[in-house]
Amino acid sequence: MAHVEFDLEYFFDAPARTVFDELVDWKGHEAWIPSTMVDIHTDGDPTAPGATFTAWTGVAPHTSIGRKLSLQDAMTVESTEFDDATGAGSCKVVKVGPVLTGWASFTVEELRGENSTRTRMHWIEDVHVPYAPQLFAPLFAVIGKNGFRFAMSRLSKILSNIG
């Protein structure tokens, strides 16, 4: 079993609340994570602790055949919180299998300057891949980190069009 860990720091030219809201909009991930579809399994608030969702990433994940060729990433929300007074927030999800187990989390922190508002985001992944040998963990970490960096770049472009 491969134990894969990586973290990524990214800076957005947008308020922390805006970044946070986009990051916890699970269905919205489809717009900035390539080849991804998200199914929400919870009635009510999908960001509340205990809410569940599944992200499918791969070849044509919106089709039944494509889902067989995609990575299934089922998750349960453990915590989400944002403090408007400080401009800081955090979220943690637990990955419940069948392919990935472990957890992912992020924090956002607003950095206020004289003429702009920027946000520092720190993303952490700590997952286990049951059918892969540990030998591949460093490669998976590099692929994961670069994939998330690319996704954050896409999200940054979306946010610049909102603001």
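Calculated FRET efficiency, A132 to I40, Cβ-Cβ distance, R0 = 25 Å: about 0.35 to the nearest 0.05. Over the range 1-109, the alpha carbon radius of gyration divided by the compact-protein estimate 2.2 N^0.38 Å works out to 1.11.
Candidates L100, L135, T80 compared by Cα position along the dipole of the chain: farthest toward the positive end lies L135, with charges placed on Cβ. Cross-link partners of K68 among aspartates and glutamates, defined as those whose alpha carbon lies under 17 angstrom from its own and excluding same-chain residues fewer than eight positions apart: D39. Principal-axis analysis of the Cα atoms of the chain puts helix 137-162 at an angle of about 40° to the longest axis. Let me know the shape class of the range 1-48, please: from the alpha-carbon gyration tensor, a ≥ b ≥ c as square roots of the eigenvalues, rounded when a/c is under 1.5, otherwise prolate if a/b is greater than b/c, or oblate. Because a/c hits 1.5 or more and a/b fails to exceed b/c, the range 1-48 counts as oblate.
Under a Gaussian network description of the chain, with springs only between Cα atoms under 10 Å, the residue in H29, H62, H128 that fluctuates furthest is H62.
Within the same chain, lysines fewer than 8 places from K92 are excluded, and of the rest, those with a Cα less than 17 Å from its Cα are K27.
Calculated [222 nm] ellipticity per residue, helices only, for the chain: -7500 deg cm²/dmol; basis is -39500 (n - 2.57) per DSSP H run with n ≥ 4, divided by all residues, nearest 500.
For the options D45, D13, D25, a Gaussian network treatment of the chain with springs between C-alpha atoms closer than 10 Å singles out D45 as fluctuating the most. Placing +1 on the Cβ of every Lys and Arg and -1 on the Cβ of every Asp and Glu, with no other charges, gives the range 83-163 a dipole of roughly 320 debye about its Cα centre.
No lab work stands behind these numbers, since they all come straight from the coordinates. What you see is a predicted model; the values in this text were computed from it and never measured. Glycine gets a Cβ as well: all are built from the backbone with ideal geometry, and neighbour counts include every protein chain shown.
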